[in-house]
Amino acid sequence: MRAYRLAYDGRPYYGYQRQPDVPTVEDTLFAGLEAIGVLEDADQKPPNYAAAGRTDAGVSAVAQTVAFDAPEWCTPGAVNAELPGSVRAWAAAAVDGDFHPTRDPVQRTYVYHLHAPDADDSAVSAAASALSGKHDYHNFTSDDHRTVREVSATVERDGEFLAVKVSAGGFPRGFVRRFVGVLFEIAVEGAPLSRAEEALGEESLQGGRGIPRLSPEPLVLTGVAYPNLEFTVDEQAATSAREVFEERRVGGLERARVASSVLSGLSSPN
């Protein structure tokens with residue numbers, strides 16, 4: 001049995017987990033495994049298959065982890081042979097049959113790249129600290145169980161962006177986007193720091209008092225840690241992945257530049 005690290009640009013997909021009639025990362029992976037002969041039918045899962053998490057539509061990853069029974073020749077490079085550039089395997093590890101990528105992680109980490117050039121950085125750091133720790137986060141998710149978690153969060157300024165790093169053993173549905181939503185309310189919209197205390201309170205917040213769930217595209221799954229498991233980087237596959245994502249990065253910069261040019265031009269009719 002083998003475990004693989006996957007990196008993907010989640011923006012073209014309706015999430016990681018397969019769904020009927022819409023493109024997902026998982027469907028794309030299974031189609032690639034069928035094309036290289038690891039899987040007989042892309043409508044079926046590989047034997048003993050499981051994944052670390054079900055990222056939402058638009059969410060990207062660098063450390064998504066999947067495991068399944070795979071032949072020895074099935075390196076990350078081989079997995080990539082029939083995958084689009086938006087999905088890349090880049091590291092692998094041999095694992096025991098009882099390894100389970102969903103149940104075994106001791107920590108998962110997400111980073112949300114919040115565009116907030118005018119944010120109050122001291123306020124957002126204070127809010128992240130106030131929201132960290134062991135709490136019942138029932139207001140941060142649509143789940144109605146397993147809402148008590150121990151969470152740590154840090155914030156770093158990177159130009160016009162705030163990189164909000166959130167870690168825990170696991171997360172309920174939609175958690176990180178609402179967690180950052182509270183930070184946005186405090187640091188950008190001017191809500192008082194007591195908003196964090198309100199969000200963590202026993203009272204259910206609904207309607208206009210509910211926590212906003214920010215857009216998924218700025219969110220990246222950056223880490224999934226397992227005890228006593230080390231992945232070996234496939235240098236050729238990793239180099240290929242770096243080239244693909246560098247092209248996508250430059251393309252994004254070009255699109256942003258064009259949008260800035262149009263925005264600038266709209267200030268004058270001449």
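So, in Å, what gap is there between the alpha-carbon centers of segment 86-124 and segment 169-235?
The two parts, judged by their Cα centres, are 13 Å apart.
Checking the a/c ratio against 1.5 first, then a/b against b/c, what shape does the Cα gyration tensor give for the chain?
Verdict is oblate for the chain.
Under a Cβ-only charge scheme (Lys and Arg +1, Asp and Glu -1), can you give me the dipole magnitude of the chain about the Cα centre, in debye to the nearest 20?
Result for the chain is approximately 420 debye, rounded to the nearest 20.
Counting pairs of alpha carbon atoms under 8 Å apart in space and at least six apart in sequence, what relative contact order in percent does the chain give?
After rounding, I find 23 percent.
Using helices alone, what [θ] at 222 nm do you get for the chain, with -39,500 (n - 2.57) per DSSP H run of 4 or more residues, divided over all residues and rounded to the nearest 500?
-9000 deg cm²/dmol
Most mobile of Ser122, Ser132, Ser260 per a Gaussian network model of the chain (Cα springs, under 10 Å)?
Result for the chain, Cα springs under 10 Å: Ser260 fluctuates most.
Bear in mind that the values in this text are calculations on the coordinates, not laboratory data. Quantities reported herein were computed from a predicted structural model and do not represent experimental measurements. All Cβ positions, glycine included, derive from the backbone under ideal geometry; neighbour counts span all protein chains shown.
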